Structure formats: structure tokens, C-alpha cells
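See structure below.
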Amino acid sequence: MERDVIVLYIIAGVSFSFALFNCIFFVIKRGKTVKTKGTIVSIKSTNPSNEKWRNAKLANVSYLVDGKNIVSKNRLQVPLASEIGTTLTIRYDRGQIPFENIEK
């Protein structure tokens, strides 16, 4: 019985550490992100079969930053009803704008 309690304390400690780390990261990043509107430019389905359950779509999004059109480097998970041209509200980190992905 004592081993079970020790394992539960270890799990609680790891969970608390994870939560504390995420809270600190949230406070550091607060105010450094900007909300903007983005448009889906390409979509990839994780399971292209007709199965709708446990399926997701991953999309590249185009958005404007200081008058420059940027296409996201990483794909975002979007709802299954999303299509190319759908407008989404996204957040990006001001310090990590990928200027190599700017469309001219």
C-alpha cells in the first residue's frame, strides 16, 4: 500500500510542476501575442477516408502582418467543416514572425 501512495505523490508532483511551468510560460507570453484574421490556403486530412469520427483537418493559414501576407509554416488543426477560403481568428507571436514565408 505504501508504494501506491508514493506513486500517487510522484504523479501529483509531476502534474503540479507541469502546471506551474505552463502558468509561468503563460505570464511570460502574455502581451506578446497578437490576434488577427487568417484565411485557409490549403487543407490536408489526417484520414482521407469517408470516416468522420476521429478525423481532423490540418490547414495552412495566410494572414496579414504590417501589410505583408504571411503563410503559416506549421499546419493548424481546424474543424471538419472548414474549406479553402474559410476565415479564422488566429494568434501569432510577435517575436517569431516567419519572414521567409512572406508572399510577394
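The values are calculated or read from the model by the stated rules, or taken from the named source; none is laboratory data. This one's a predicted model, so the numbers in the text were calculated from it and none came from an experiment. Cβ placement follows ideal geometry from the backbone for every residue including glycine, while neighbour counts extend to all protein chains displayed. SASA here: full protein model, heavy atoms, side chains in, ligands and nucleic acids out. Shrake-Rupley method; radii C 1.70, N 1.55, O 1.52, S 1.80 Å.
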How many residues are closer than 17 Å to Arg91 by Cβ, surrounded by 10 or more Cβ atoms within 10 Å (Cβ to Cβ), modelled with pLDDT under 90 and of a type outside the set (S, T, N, Q) if we restrict to segment 26-62? 3
Exactly one condition in (1) open to solvent by 90 Å² or more (accessible area, probe 1.4 Å); (2) modelled with pLDDT of 80 or more is false for Gly13; which is it? (1)
Tell me which residues, restricted to segment 71-96, are in contact (Cβ under 8 Å) with a residue 40 or more places away in the chain, over 10 Å from Ala59 (Cα atoms) and open to solvent by 50 Å² or more (accessible area, probe 1.4 Å). Thr87, Thr89, Arg91, Arg94, Gly95
